[in-house]
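Note sheet for the following structure.
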Amino acid sequence: MRKVTFPHMGTSHIAFKALLEDMGNEVVVPKRPNREILSLGVANAPEFACIPLKITLGSYIDALRRGADTIVATGGVGPCRAGYYTALQKKILERMGFAFEMIVFEPLSTGLWRLIDNIRKLNSARLSVAAVISAVRRCWEKIKALDELERMLHYVRPREVVRGAAERAYNAGVRLLETTNTFKGIAEARDEGLRLLRSVEVDPDADPVRVGIVGEIYVVLEPAANLEMEKTLGELGAEVHRSIFLTGWTQDNAIHEGGGRKIKRAALPYLPEMIGGHGQDSVGHTVIYSREGLDGVIQLAPFTCIPEIVAKAILPKVSEDLDIPVLSFFLDEQTGEAGVRTRLEAFVDLLKRRRESRRGFAGKGVA
Amino acid sequence: MTFTPIRIGIPRALFYYTFSTFWETFFREIGSEIVVSQPTTREVLDAGIREAVSEACIPIKVYHGHVRALAGTADFVFAPRLVSVDRRTVFCPKFLGLPDMVRSSMDGIPPLLSPRIDLRKNLLGLASACFEVGASLKVPSSKVMLAYARACAAHKRRTIPWPPGNADGGEERTAPGSPLKIAVLGYPYAVFDRYVSVDLIRKLWALGVDVVTIEMFTDAELNEESAQFSKGVFWHYSDRVVKAGYRCFHTRRVDGVIHVTAFGCGPDAVADRLLDIEASRTGFPFMPLLIDEHTGEGGLLTRVEAFVDMISRVKGGDGA
């Protein structure tokens, strides 16, 4: 039986595991990235590659050692480096002496045949076309449900009375989703998870500042890569609005890379070009967040990430023009939790004070 | 009434080293005056470091420095958005967002002329870029058409001065026919910028080494290496560097390969590792040379000398 692994990204492994098992594969579930996995990646990756390459490489090494023989990952056609990472990782892993097959899902624009071929390879159980479609749809429903729970968590966390209560409710919901695999079961688990989150005791007078998160998809979606910044922000009393969820991104990028017309339009005055990765999205989302009246924006990027460096050069201008504070984090294996926390505290403080002084002015205006 | 031509500033950085003939001819033909910034110096780099986003690579910082140097001497700065010049590859994201980075980060610079150059879907992409420039400078299209044609012809005819991009280009290569031949592979804007490359090519000449660069490989030769890749490298310059390296490893017509890479270069994290893996697989002498803003003459020379020593000993051993 094929033993399949894939990159760890947030909670998505729950949905992908079920899908690959439905198709008759044994799944070597990627571990949540930790020090050990990161060190494996750092030791074998090019020094100036970005942290997503290092984490995923470390995670593949770990999974191959645990018996995986197939790696499933996504490709890309540039100009972001991630599009070439699977090809490079394959060479590095082969050079290390691992024998495995790498199955790469490229954007559909590069050819439908390859997609069909990939699915056929992974269809170890020889499911019918209808059964494969049903399994993919269930996987999709599960990812949607996971995203929904996370959105609710972002709303409840800054308002919770007992610290950690929202997180506990969320985790319970995720576990429910993990244990079911029918359309009905997924819908029920989602509703139950949402109900648990809604029943968390909240402070009715809580008035959290609203912070938008923009940046590169992997460090935004993988809490282990961003040192659980969303959690820290929630605990500091900030409501997180995240620009990227796996569901939205997949819809924008499955056929052609770099979709999302509304975001492109918003970015137009500052960065009219799709520069790969999420560079243009980071600029566009910042513009949109300022229009929506958010109090501030945080840019999360892997150290050396090319598109986000371009975005970082442009964001100060956006921030000045639209009067919205922007804080950039470039994350690598050296980034420490304490330093991140201090900067976040200062930023949330700044946002709160800005808001107070604005409300003060508004009050005077009325009087 | 006297007519003062518009002064177009061209930064001596990045694609200047590849496409200067085309654009200089074009601007001259439409009646503009051309101001090319002086070769890179410490001051240019320092200005770039001050003004560019701190995470940018050295060549992008150098570019910002050259744009600064043109302030006050040019009416416009020509800073095209270079997306693709063939149907296969694109440029690094920093090239794609270059005019936007410069506009957002720098104050008090001349307005930018930044046509988009993308030949992926439109074979006439270069002509439309010319018309875009012509329109912003209010040049009649008949004149633009003629200038475009002449620029294309000039680009085709150009002989690459050695080393390219330098005013003193006609210089003789000092070590032809010498026993040792080393390929210096890297992006033209790093290899041929004497300041950025710490004058590597002349240092090698001084050591009696004949130098080969990517410019000396024909497209056909490079494309012969395509079969080696399950997936081609999709950045324009990196694709050429990696293929030239593979060519050297496989044909063994040089004695060693030095890969010049500038600090902070994103695509090089990929390109350098691809070269490194193939060099060690084929057992070919290979040295990556990482150049940053603090690279000193001494340290670099020592490494280069050690490498040259090593390969000349290997070669001497073969002959004996």
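Brief remarks follow.
- Of everything listed in (1) under 22 Å from residue B:210 (Cα atoms); (2) surrounded by 22 or more Cβ atoms within 10 Å (Cβ to Cβ), the single unmet condition for residue B:314 is (2).
- For residue B:205: the one exception among (1) among the aromatic types (Phe, Trp, Tyr); (2) touching a residue at least 24 places away in the same chain (Cβ under 8 Å); (3) closer than 21 Å to residue B:278 by Cβ: (3)
- When every residue of the stretch A:7-18 is checked against the conditions, at least one turns out to be assigned to a helix (DSSP H, G or I) and either of a type in the set (Val, Ile, Thr) or within 30 Å of residue B:87 (Cα to Cα) (or both).
- One residue alone among A:297, A:283 is modelled with pLDDT of 95 or more and touching a Gly at 6+ places or on another chain (Cβ under 7 Å), and that residue is A:297.
- Residue within the stretch B:61-81 that is touching a Phe, Trp or Tyr at 6+ places or on another chain (Cβ under 7 Å), within 14 Å of chain A (Cβ to nearest Cβ) and buried (at least 23 other Cβ atoms within 10 Å of the Cβ) present: no
- When the criteria are applied in full, residue A:277 fails the requirement of being more than 13 Å from chain B (Cβ to nearest Cβ) and at positive phi.
- Among the residues of the stretch A:193-225, those that are closer than 21 Å to residue A:307 by Cα and in a helix (DSSP H, G or I) comprise A:217, A:218, A:219, A:220, A:221.
- Residue in the stretch A:87-106 that is touching a residue at least 60 places away in the same chain (Cβ under 8 Å), more than 9 Å from chain B (Cβ to nearest Cβ), out of contact with any strand residue (DSSP E or B) (no Cβ under 7 Å at 6 or more places or on another chain) and surrounded by fewer than 24 Cβ atoms within 10 Å (Cβ to Cβ) present: no
- Pairs with Cβ under 6 Å, 6+ apart, first in the stretch A:126-147 and in contact (Cβ under 8 Å) with a residue 60 or more places away in the chain and over 13 Å from residue A:22 (Cβ atoms), second small (Gly, Ala, Ser) and part of a helix (DSSP H, G or I): A:143/A:15
- Some residue of the stretch A:60-71 being within 19 Å of the chain's Cα centre (by Cα), within 14 Å of chain B (Cβ to nearest Cβ) and hydroxyl-bearing (Ser, Thr, Tyr): no
- Per the listing B:104, B:84, the residue uniquely buried (at least 19 other Cβ atoms within 10 Å of the Cβ), over 21 Å from residue A:269 (Cα atoms) and within 13 Å of chain A (Cβ to nearest Cβ) is B:84.
- For the residues A:175, A:168, A:114, A:138, the requirement of being part of a helix (DSSP H, G or I) and in contact with a strand residue (DSSP E or B) (Cβ under 9 Å, 6 or more places away or on another chain) singles out A:114.
- Members of the stretch A:288-340 found to be buried (at least 24 other Cβ atoms within 10 Å of the Cβ), more than 13 Å from chain B (Cβ to nearest Cβ), in a helix (DSSP H, G or I) and of a type in the set (A, V, I, L, M), listed by number: none
- Residue list for the stretch A:178-236, restricted to those being surrounded by fewer than 23 Cβ atoms within 10 Å (Cβ to Cβ) and on the phi > 0 side of the Ramachandran plot: A:227, A:228
- Filtering A:320, A:333 for residues that are free of Cβ contacts under 8 Å to residues at least 60 places away in the same chain and farther than 15 Å from residue A:214 by Cβ leaves a single hit, A:320.
- The sole residue among B:194, B:247 that is farther than 25 Å from residue B:44 by Cα and among the basic types (Lys, Arg) is B:247.
- Where helices (runs of 4 or more DSSP H) fall wholly inside the stretch B:210-320, the ranges with 3 or more residues that are within 14 Å of chain A (Cβ to nearest Cβ) and more than 20 Å from residue B:192 (Cα to Cα) are B:266-282.
- Residue match in the stretch B:216-229 (condition: at pLDDT below 90 and touching a Ser or Thr at 6+ places or on another chain (Cβ under 9 Å)): no
- For the stretch A:237-271, the tally of residues that are assigned to a loop (DSSP other than H, G, I, E, B), crowded, with 19+ Cβ neighbours inside 10 Å and either hydroxyl-bearing (Ser, Thr, Tyr) or modelled with pLDDT of 90 or more (or both) stands at 3.
- Evaluation of residue B:144 against the conditions (1) surrounded by 13 or more Cβ atoms within 10 Å (Cβ to Cβ); (2) closer than 30 Å to residue A:278 by Cβ shows that the sole unmet condition is (2).
- Of the candidates A:36, A:47, the single residue that is more than 14 Å from every other protein chain (Cβ to nearest Cβ), surrounded by fewer than 21 Cβ atoms within 10 Å (Cβ to Cβ) and either modelled with pLDDT under 95 or farther than 30 Å from residue A:273 by Cβ (or both) is A:36.
- Scanning the stretch B:74-122 for residues that are touching a strand residue (DSSP E or B) at 6+ places or on another chain (Cβ under 7 Å) and small (Gly, Ala, Ser), we see that the one that is modelled with the lowest pLDDT is B:84.
- Of the numbered criteria (1) under 23 Å from the mean Cα position of the chain (by Cα); (2) more than 12 Å from every other protein chain (Cβ to nearest Cβ); (3) not hydroxyl-bearing (Ser, Thr, Tyr), the one residue B:99 fails is (2).
- Restricting attention to the stretch A:53-74 and to residues that are assigned to a strand (DSSP E or B) and of a type in the set (Val, Ile, Thr), the residue that is farthest from residue A:332 (Cα to Cα) turns out to be A:70.
The values are calculated or read from the model by the stated rules, or taken from the named source; none is laboratory data. Everything quoted here is computed from the prediction, not taken from an experiment. Reconstructed Cβ throughout: ideal geometry from the backbone, glycine too, with neighbour counts over all protein chains shown.
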